[in-house]
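Beneath this line is the structure, given in structure tokens, with notes to follow.
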Amino acid sequence: MLTLEVLNTLKEYSEKMERTVTLVLQQGEHAKRDELVQFLTDFVSVSDKLQFEQRETNGALRSPITFTLETDGKMTGIHFSGLPGGHEFNSLVLAVLQASGSSIRLDDSLQQIIRNIDEPLNFEVFISLSCHNCPDVVQSLNQFALLNPKITTETIDGGLFPELIEKRSIQGVPSVHLNGERFADGKVEVAKLVERLMARNPESAYQVTVPQLPQQDVTIVGGGPAGVAAAIYSARKGMKVTMVADRIGGQVKDTQGIENLISVVETTGPELVNALQNHMNQYEITIREHLRVERIEQGDPKTVHLSSGESFDSKTVIIATGAKWRELGIPGERENIGNGVAYCPHCDGPFFKGRDVAVIGGGNSGIEAALDLAGIVKTVTVYEFMDQFKADQVLLDQARQRDNITLLNTVATQEILAEDGKVTALQYQDRDSEEVHTQELSAVFVQIGLIPNSNFVDGLVERTSYGEIVINERGETSADGIFACGDVTTVPYKQIVVAMGEGAKASLAAFDYILKQ
């Protein structure tokens, strides 16, 4: 089942293993069991430090296609229900390596918070093998299980457990359930997961002790293209640099195809993020990933307060926090996220195979989403508020050639309707005739652009009514010594190449500021 190329790569990875890891499969019968047995047999064949056993676990594992990872004869708390192929293959490989002794990829302060949790936490992560957002969530929660014996994480392939999907009313992935109750839906960063756990266990953060960072010359908030460019330029100037970010790469990590980064003919979001990370690793940059900046205290120096409870001083701050998906703001949207309202067609499209769906937004993202969905669903209707679609002509031409894509412009969406916890229809108004229509459908994919991640600096720097941070030609904000760059600012044209240039510019401006002090 696993190709020779994959097996050779696995063999190279297995050479880093420090302890033996046993993959234990629950006994029983299932239509997919033989396929899973062959997969696991091939997987462990690359190293003596990998073993495979089939045995009765007395209810510890869900089904005959559920297996767990054991080290030193004890369960690690990491379970997989289904065959972890597709995007989840990397999750299995990483779990095995970390269970065998490889380092946990979490900030030290977050590791302490997880270790301090003193209640049983049983996570279930419902995924699809085509979901590119799911592995990040799975891999984060697997690390939680390795850090704390009271935590378990089970990754469940929703396509193999339809009755459970129906029972839990799951219509989008990833969907995280904790102790049997819904905990988080969709793409959720480690920082957000930890914050929610801290809210349940506030005492877990009290005992966090990490070395105090010395005063920094520049602190970059955000790890997307703008933030990475700012960090590299600052480090090259010999400044003490710290980056604080939810995740390296930001929104770019979720982009499937990139063809407009000059000198790079074609790449993907994950590939570009790896390149950004590798470039930063060439310099002395302190990276505090999976953390948020809660607030910045203005002064000389400024004080940066983190979500972990830590704080440190910095001569300057560069805000590069980017943007997130913009919501419609109509009734039925937030209430039905994960139940038919989605923002990621790649992740959630397969759940609506053979059904009617809507895409809201006629820009490039909206039309690209419609084209992606058209190969899976029965019909796609695209709704655009303006008189004309904003997407590139080449995309519109492709959409009009598809028999199951309908394009509607000059319409205003009014409400998303649902019954029994599932989306059933979309109500919209024709802006010319003012006639109101209701279209029956199963899902609404929202693709109407981005909103700046700037709430944490509300009152500190000037922002527009849309939340964009106002900057001048040097990237300076209204607050002395605080700069901003990228999609979070008023700079037009939210593009990767533009963000990189803006990050470099903000860094140079911060360097000049320090020289003049």
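Throughout, read-outs are computed from the coordinates displayed, never taken from laboratory work. All values derive from a computational prediction rather than experimental measurement. Methodologically, a virtual Cβ is constructed for each residue, glycine included, from the backbone with ideal geometry; neighbour enumeration extends over all protein chains shown.
For this structure, a couple of remarks:
- Listed from fewest to most Cβ neighbours within 10 Å, the set F456, F144, F123 follows the order F456, F123, F144.
- Theoretical FRET efficiency, 1/(1+(r/R0)^6), r = Cβ-Cβ of I337 and H279, R0 35 Å, to 0.05: 0.50
- Using a Förster distance of 51 Å, the FRET efficiency for N90-E435 (Cβ separation, nearest 0.05): 0.55
- Region 450-517 and region 138-194 have their alpha-carbon centroids 36 Å apart.
- Over the residues of the chain, the helix contribution to mean residue ellipticity at 222 nm works out to -8500 deg cm²/dmol, using -39500 (n - 2.57) for each DSSP H run of at least 4.
- Karplus-derived 3J(HN,Hα) values for region 454-465, using 6.51 cos²θ - 1.76 cosθ + 1.60 with θ = phi - 60°, are 10, 4, 5, 10, 4, x, 8, 10, 6, 10, 7, 5 Hz; glycine and proline are entered as x.
- Counting only whole DSSP H helices of the chain, the ones at least 24 Å long by C-alpha along their axis and with mean Kyte-Doolittle hydropathy no lower than 0.5 are 496-516.
- Relative contact order (%) - criterion: Cα under 8 Å, at least six apart; region: region 334-446: 30 percent
- Under the criterion of Cα pairs below 8 Å and six or more residues apart, the relative contact order for the chain equals 12 percent.
- As a length-normalised measure over Cα pairs under 8 Å and 6 or more apart, the relative contact order of region 377-517 settles at 12 percent.
- Sorting C131, C485, C347 by the number of Cβ atoms found within 10 Å of their own Cβ, with the fewest placed first, yields C347, C131, C485.
- Alpha-carbon Debye profile of the chain, log10 I(q)/I(0) at 0.09, 0.10, 0.12 Å⁻¹: -0.71, -0.88, -1.24
- Whole-angstrom Cα spans of region 334-446 along principal axes, big to small: 39, 33, 22
- P(r) tail fraction, region 4-205 - alpha-carbon pairs more than 20 Å apart, %: 55 percent
- Range of Cα positions in region 432-478 per principal axis (Å), largest first: 49, 26, 20
- Computed magnitude of the charge dipole of region 157-256 (debye, nearest 20; Cβ of K, R +1, Cβ of D, E -1): 380 debye
- Cα centroids of region 374-397 and region 221-298: 32 Å apart.
- Here the residues S442, S507, ranked from fewest to most Cβ neighbours within 10 Å of their Cβ, fall in the order S442, S507.
- Taking each of K240/K315; K49/K74; K253/K324; K390/K505; K237/K302; K353/K378 in turn, the alpha-carbon distance tops 18 angstrom for K390/K505; K237/K302.
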